[in-house]
Amino acid sequence: MIGLFILLFILLGVIVLILGWILSSYLLNVYENEKSTWDMFILPVEKLIYRVLGVDTTRQMSWKEYFLALFFFTGFAAILAYLVLVFQGYLPLNPMRFHNLNWSLALNTVLSFSSNTNLQHYGGGSTLSYFSQMMAIQFLQFISAADGVVVALAIFRGFAGKKNGNDGIGNFYFDFVRTITRVLIPLSFVSAIILIALGVPQSLSGYEVVRTFTGAFQTIKVGPIASMQSIMQIGTNGGGYFGSNNYTPFENPSPLTDFMQMGMMMLIPTAMPFLFGRMLRRRNEGRTVLIASYGLYAIDLAIAFVPLTVISAGMEVRFGGPAAVFYTVTTTAFTTGSVNAALAGMHPLVVLAAFLGMMIQATPGGIGVGAMYMLMYMVITVFIVGLMAGRTPEYLGAKITEGDVKLAVIAFLAHPILILVPTLIAYGIGAVHGIGIGTGPKGFTQILYEYTSAAANNGSDFLGSTGNTVYFNVSTGIVMWIGRFTPIAIMLAIAGRMHGRKRSREVALRTDNFIFPSILIVSIFILAVLTFFPFLAIGPILMHLEGIKSVL
Amino acid sequence: MKIKDIIRGPLGLAITMVMICGFIFPVVVTGVGQGAFNYEANGSLATLSNTTVGSYLVGQSTDSPYLFHIRADSASGIDPDITVANASMQAHRIHNETGISMAYFNRQINNDTKFTMFFFGTGYVNALTLNLHLIRHYHKSISQYGRMYRNVTAS
């Protein structure tokens, strides 16, 4: 039966690859400002937005300007959402009369959603008004997804250099507005309507209380669920309408919606390497990135399927065990973080595979940033290979300097530091004990997972509303933002340095063949394993060796 | 960078986007969804004698010996489905309690079975669907179990 499921999953992968390839051609037109049939509707709206903002979108930005515009914009967006959450009791569209959120939970929530993480220390169905779900949560899901896309675009342009009319790394406002109006809104709209047709509710009237056959009262919690479900998956966000996320039948009613939603989260991260190749006008270079990221994804899946007794508890009947494992690996490999079965019921090796996806972050990784991380590994790998072969390290004809490598290594090391230091502090000051979690391999796995998920901007977790304490709210909040914006700033800086660099015609090291992706995979694995092995060893690996079947 | 670049552009964009993504988008999706797929958009509600008795997508827990129960260990806690094996086991219980024939249950479970892999995989049935069929089919003879089917007898 697992064999059959693997076949179905391969079919899904093929469909996603085809759709991603088609989407990448559309994206190229969008960002290279080609004429489109939609222009007569969209262009006036876009021009109005630019006029309101007072920006000249034809002006090329330096990497610093690009980053600061993105950073301040995201900061303002988070502040707006914060105000919505702490004042939701006074705001409209609150038929269930939910109270204002306290400061630390609201802070955690907006830092989480604005960084594309979607770690949730609240249960949405019993905490957030419709207004908050729309104006705070769905809003941040859109903008954090668009942030990821535009970062990738700027970095691609930097790596591509001064070719094909590519005068700089681009203009943030042009990239951002177009990502919203021409990519994320159309894709989310179509998928939201399909999801409604398949049973996901979309309503603004309050919860309905019904009487069952036996006379008991039951609350049917409807809301603007489909509109959230669409951007949550398309934008690799992952934070669900309800606390129990994508195993709630209203979020994910059937095996068909389950498959569709896995495809939705895979779509844009799969299109990005194709887009990279198209922007370079060297498609084989895009293929290298794609093969490396899908290769890592395949390894991840293989680890998760080592224990054929795939799941012990906490799954929904309509999906079954294999689907739950595929979903868990996919949601961490693409750093989405929505889950269709309780993580607590998963075998330690499935949890290990989930860890690897979040530690590597390029397997293929989250929307936009997955490709960014792959280019970070590319810089490091080209340097290592250059050293071994005794040649000047080069990528796409441009020299990779000592400064580039230093920056890339800082971006890489930010991740383990952000995971391990707060994990240790949490144990040191007793915050872990305070929420009733122990020091054994099970407890350690849960806390390590919490910070790994936060730093990787994934958002799946074991804690849920147990983590709603001031310490965990604030510490994971800080980790999520630093984990988001440090690598983005560094990679934009590298792209800015690369852009103007002289390109040689001679090729010192070929990166566009089929051998290089395997070197890249090996180098990424060595880097990740060397960095994280000790911590994985006392967490999920020890659980596996002790014969513990799940965290439950 | 001037202060204007930091305030007007980024703050203006944030305000524009909260309107477009946080308000216009979900409201338009709600309008289209309610218009085109009204039943699904409102939560796939189940009715019996014109009374709403639940949703096919929210499992109902009951301890009535005359009805199908949902599982207690499920991830969401409201998993509306049970496996075919589980349904058959429960059919025996209801058969023993009420005398309703096993042939009826076997036929009904068979009719309502769906699969985890579209046409293959584990078979499962929606517990509410089974219960509704049961009550509709044995409407005339349910008076003796009336206490259990309070909603129906009241209407």
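The values are calculated or read from the model by the stated rules, or taken from the named source; none is laboratory data. Only a predicted model underlies this, so the values are computations on that prediction, with no experimental measurement involved. All Cβ positions, glycine included, derive from the backbone under ideal geometry; neighbour counts span all protein chains shown. Please note that ligands, DNA and RNA were not included when accessible areas were found on the heavy atoms of the full protein model with its side chains. Shrake-Rupley method; radii C 1.70, N 1.55, O 1.52, S 1.80 Å.
Annotations for the structure displayed:
- Per the listing A:Val306, A:Val317, A:Val339, the residue uniquely closer than 25 Å to A:Ala528 by Cβ, within 12 Å of chain B (Cβ to nearest Cβ) and in a loop (DSSP other than H, G, I, E, B) is A:Val339.
- Scope segment B:9-35; condition of a type in the set (Gly, Ala, Ser) and at the interface with another protein chain (Cβ under 7 Å from one of its Cβ atoms); matching residues: B:Gly9, B:Gly12, B:Ala14, B:Gly22, B:Gly33
- Checking B:Gln90 against (1) crowded, with 18+ Cβ neighbours inside 10 Å; (2) at the interface with chain A (Cβ under 7 Å from one of its Cβ atoms); (3) out of contact with any helix residue (DSSP H, G or I) (no Cβ under 8 Å at 6 or more places or on another chain), the condition it does not meet: (2)
- Filtered by the rule that a residue be closer than 22 Å to A:Gln361 by Cβ and among the hydroxyl-bearing types (Ser, Thr, Tyr), segment A:481-506 gives a lone residue, A:Thr486.
- Checking each residue in segment A:334-347 for being at negative phi and crowded, with 24+ Cβ neighbours inside 10 Å picks out A:Phe334, A:Thr336, A:Ser338, A:Val339, A:Asn340, A:Ala341, A:Ala342, A:Leu343, A:Met346, A:His347.
- Every residue from segment A:39-74 that is in contact with a Ser or Thr (Cβ under 9 Å, 6 or more places away or on another chain) and either touching a residue at least 60 places away in the same chain (Cβ under 8 Å) or surrounded by 18 or more Cβ atoms within 10 Å (Cβ to Cβ) (or both): A:Ile42, A:Val45, A:Glu46, A:Ile49, A:Tyr50, A:Leu53, A:Thr74
- Residue in segment A:354-363 that is among the aromatic types (Phe, Trp, Tyr) and either open to solvent by 10 Å² or more (accessible area, probe 1.4 Å) or in contact with an Asp or Glu (Cβ under 7 Å, 6 or more places away or on another chain) (or both) present: no
- Residue within segment A:44-67 that is touching a helix residue (DSSP H, G or I) at 6+ places or on another chain (Cβ under 7 Å), more than 14 Å from every other protein chain (Cβ to nearest Cβ) and in a helix (DSSP H, G or I) present: no
- Beta carbons closer than 9 Å, at least 6 apart along the sequence or on distinct chains, pair a first residue in segment A:1-27 that is within 11 Å of another protein chain (Cβ to nearest Cβ) with a second that is surrounded by fewer than 17 Cβ atoms within 10 Å (Cβ to Cβ) for A:Met1/B:Phe120; A:Ile2/A:Leu308; A:Leu4/B:Phe120; A:Phe5/B:Phe120; A:Leu8/B:Phe118; A:Leu8/B:Phe120.
- Residue check for B:Tyr39: more than 7 Å from chain A (Cβ to nearest Cβ) and either farther than 30 Å from A:Ala77 by Cβ or open to solvent by less than 30 Å² (accessible area, probe 1.4 Å) (or both): yes
- Checking each residue in segment A:100-116 for being of a type in the set (Phe, Trp, Tyr), surrounded by fewer than 21 Cβ atoms within 10 Å (Cβ to Cβ) and under 26 Å from A:Phe176 (Cα atoms) picks out no residue at all.
- Filter result for A:Met228 (touching a residue at least 60 places away in the same chain (Cβ under 8 Å) and open to solvent by 10 Å² or more (accessible area, probe 1.4 Å)): no
- Scan of segment A:191-205 for residues that are outside any helix (DSSP H, G or I), more than 7 Å from every other protein chain (Cβ to nearest Cβ) and either open to solvent by less than 10 Å² (accessible area, probe 1.4 Å) or out of contact with any helix residue (DSSP H, G or I) (no Cβ under 7 Å at 6 or more places or on another chain) (or both), ordered by number: A:Val200, A:Ser205
- Residues in segment A:83-99 that are outside any helix (DSSP H, G or I) and open to solvent by 60 Å² or more (accessible area, probe 1.4 Å): 5 in all.
- Scanning segment A:117-132 for residues that are of a type outside the set (Phe, Trp, Tyr) and either closer than 18 Å to B:Ser76 by Cβ or assigned to a loop (DSSP other than H, G, I, E, B) (or both) turns up A:Thr117, A:Asn118, A:Leu119, A:Gln120, A:His121, A:Gly123, A:Gly124, A:Gly125, A:Ser126, A:Thr127, A:Leu128, A:Ser129.
- Residue match in segment A:128-147 (condition: open to solvent by 10 Å² or more (accessible area, probe 1.4 Å) and either closer than 30 Å to B:Asp63 by Cα or more than 11 Å from every other protein chain (Cβ to nearest Cβ) (or both)): no
- Verdict on A:Leu80 being open to solvent by 40 Å² or more (accessible area, probe 1.4 Å) and either within 30 Å of A:Ala323 (Cβ to Cβ) or within 21 Å of the chain's Cα centre (by Cα) (or both): no
- Considering residues of segment B:46-66 that are among the aliphatic types (A, V, I, L, M) and more than 7 Å from chain A (Cβ to nearest Cβ) only, the residue surrounded by the fewest Cβ atoms within 10 Å (Cβ to Cβ): B:Leu48
- Selection of segment B:53-86 for residues being hydroxyl-bearing (Ser, Thr, Tyr) and modelled with pLDDT of 90 or more yields B:Ser55, B:Tyr56, B:Thr83.
- Among the candidates A:Thr270, A:Thr257, A:Thr288, A:Thr331, the residue that is within 14 Å of another protein chain (Cβ to nearest Cβ), part of a helix (DSSP H, G or I) and open to solvent by less than 10 Å² (accessible area, probe 1.4 Å) is uniquely A:Thr257.
- Some residue of segment B:97-110 being in a helix (DSSP H, G or I), more than 11 Å from chain A (Cβ to nearest Cβ), surrounded by fewer than 22 Cβ atoms within 10 Å (Cβ to Cβ) and modelled with pLDDT under 90: yes
- Residue check, A:Thr214 part of a helix (DSSP H, G or I), facing another protein chain (nearest Cβ under 10 Å), out of contact with any strand residue (DSSP E or B) (no Cβ under 6 Å at 6 or more places or on another chain) and surrounded by fewer than 23 Cβ atoms within 10 Å (Cβ to Cβ): no
- Residues of segment A:217-251 that turn out to be closer than 17 Å to A:Ala324 by Cα, more than 9 Å from chain B (Cβ to nearest Cβ) and not in a loop (DSSP other than H, G, I, E, B), as a count: 2
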